[in-house]
Amino acid sequence: MSDTTENFSMHYQSARTASDQSYAQRMNDYFDKSLGTSMDKLRHFAKFVPRQEQSIYLAKHEIFRQALSVHGAIVECGVFLGGGLMTWANFSAIYEPFNHTRRVVGFDTFSGFSGLTGEDEGSESVDFKKEGGLSTGAEADIREALELYDLNRPIGHIPRAELVVGDATETIAHYVAENPQLVVAMLYLDFDAYAPTKAALEHLVPRMPKGAVICFDELYDKNWPGETQAVDEVVGLKNLRIERFPFVSNLSYAVL
């Protein structure tokens, strides 16, 4: 197993039981040997996708539906391997295929965490919470996914999704300055760390109208307290009605 693959494995197996890890290994093997081409397997994805991931997908669907009537961009902060970014992009292609003004914007370093601070010290040790932790180098891979995405949607010649690569404490402010027309319909926070989360909130929340949705992936997470602190400092927890889904543990959101 390569260092990068092992890094991803640790991320997904964090806080998992022996049974969970056995399931993951057996499913890995089953997927490889299961009948059909890769495209056949994708079309029958429910055979392979863990229920936990399907639950998150359903929750994201509900959140997207709430933001659907709000004009503006969908911004994801923390792209990782691109599953979330492509979820929002595909929902947009399905529900609003001819909305040529919608943009799905993803911010990530693709080189892992940078600038971790004391605000990020959680109650438990996390192996990949370090400079460069969870580095994916996934930019080229995701750009290819976006090319395929454009081939499979109406008016695919008009770009809908884009990546902004680099340190978010710098790139977000630059992006806002370069796009004075920016309105944010949905902000999905998954940076984990304090500094980039705070930068996202400071620069993007002022661009969010009433009815826009802020989503939190690590709010009230004892291992990643920086997200909660950033939200409280910039927006104020008491100013938000934070809601959740009964079938997903971490994901929460607030409608402005």
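The values are calculated or read from the model by the stated rules, or taken from the named source; none is laboratory data. Computed from a prediction, not measured in an experiment: that's the story for all the values here. Because the Cβ atoms are built from the backbone with ideal geometry, glycine has one as well, and the counts that use them run over all protein chains shown. Areas reflect the complete protein model, heavy atoms only, side chains present, ligands, DNA and RNA absent. Shrake-Rupley method; radii C 1.70, N 1.55, O 1.52, S 1.80 Å.
The figures follow:
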read-out	value
Close pairs (6 angstrom Cβ cut-off, 6 or more residues apart or separate chains): farther than 14 Å from Phe107 by Cα and assigned to a helix (DSSP H, G or I) in segment 66-88, open to solvent by 20 Å² or more (accessible area, probe 1.4 Å) and not β-branched (Val, Ile, Thr) anywhere	Thr87/Lys60
Qualifying position, being hydroxyl-bearing (Ser, Thr, Tyr), within 29 Å of Gln54 (Cβ to Cβ) and either in contact with a strand residue (DSSP E or B) (Cβ under 6 Å, 6 or more places away or on another chain) or buried (at least 21 other Cβ atoms within 10 Å of the Cβ) (or both), among Tyr188, Tyr194	Tyr188
Residue in segment 94-130 that is nearest to Tyr149 (Cα to Cα), counting only those that are touching a helix residue (DSSP H, G or I) at 6+ places or on another chain (Cβ under 6 Å) and not in a loop (DSSP other than H, G, I, E, B)	Val104
Flag if Asp127 is in contact (Cβ under 8 Å) with a residue 12 or more places away in the chain and either more than 21 Å from Ile214 (Cα to Cα) or surrounded by 19 or more Cβ atoms within 10 Å (Cβ to Cβ) (or both)	yes
Any hit, segment 192-206, residues being at pLDDT 95 or above and more than 20 Å from Gln229 (Cβ to Cβ)	no
Some residue of segment 92-108 being more than 19 Å from the chain's Cα centre (by Cα), touching a residue at least 60 places away in the same chain (Cβ under 8 Å), open to solvent by 70 Å² or more (accessible area, probe 1.4 Å) and within 27 Å of Arg244 (Cβ to Cβ)	no
Matching entry among Leu204, Leu148, Leu163, Leu182 (being free of Cβ contacts under 8 Å to residues at least 12 places away in the same chain and either surrounded by 15 or more Cβ atoms within 10 Å (Cβ to Cβ) or of a type in the set (A, V, I, L, M) (or both))	Leu148
Residues of segment 209-256 that turn out to be in contact (Cβ under 8 Å) with a residue 60 or more places away in the chain and outside any loop (DSSP other than H, G, I, E, B), as a count	8
Condition met for Asn250 (within 28 Å of Ser111 (Cβ to Cβ) and surrounded by fewer than 16 Cβ atoms within 10 Å (Cβ to Cβ))	yes
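This table checks each residue for (1) at pLDDT 95 or above; (2) acidic (Asp, Glu); (3) within 26 Å of Asp232 (Cα to Cα).
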site: Val70; (1), (2), (3): yes, no, yes
site: Val79; (1), (2), (3): yes, no, yes
site: Asn90; (1), (2), (3): yes, no, no
site: His100; (1), (2), (3): yes, no, no
site: Ser123; (1), (2), (3): no, no, yes
site: Glu144; (1), (2), (3): yes, yes, no
